Amino acid sequence: MSNNTVKIRELEEHYGMTPLSELERKFDMLINSIEKQNRVINSNRKLYKISQATKILGLSTSTIHKLIRNEEINTTSLGGRNYIPQSELDRLNGIL
């Protein structure tokens with residue numbers, strides 16, 4: 001470990017700062033999340049809200065949420081909300 005690295009770590013600890021490596025890790029996670037959302041948006045596939053999916057599938061909201069929790073329905077998360085892709089609705093219509 002270089003002297004500079006040791007000094008940086010000592011300063012981080014002394015001032016109670018978040019270590020640079022932790023900030024870099026969080027930054028990488030944010031970039032990956034944004035890139036994932038962009039891929040979903042740019043994929044031109046239709047995404048449905050849970051309320052829309054209930055009408056299309058003829059299931060209750062609680063049933064849809066239970067299927068999501070049990071990982072029987074794949075969802076896409078955008079802005080903290082879950083959406084169900086068209087391909088997933090097509091798959092479910094084939095088995096319901």
Quiz item: Out of (1) free of Cβ contacts under 8 Å to residues at least 12 places away in the same chain; (2) under 19 Å from the mean Cα position of the chain (by Cα), what's the single condition that is false for N74?
Solution: (1)
Quiz item: In the stretch 69-79, what residues are out of contact with any helix residue (DSSP H, G or I) (no Cβ under 8 Å at 6 or more places or on another chain) and under 16 Å from I95 (Cβ atoms)?
Solution: N70, E71, E72
Quiz item: R25 fails exactly one of the following numbered conditions: (1) exposed (fewer than 10 other Cβ atoms within 10 Å of the Cβ); (2) closer than 28 Å to L78 by Cα; (3) modelled with pLDDT of 80 or more. What is the number of that condition?
Solution: (1)
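The values are calculated or read from the model by the stated rules, or taken from the named source; none is laboratory data. Keep in mind it's a predicted model, so treat the numbers as computed, not measured. All Cβ positions, even for glycine, are placed from backbone atoms using ideal geometry, and neighbour counts span all protein chains on display.
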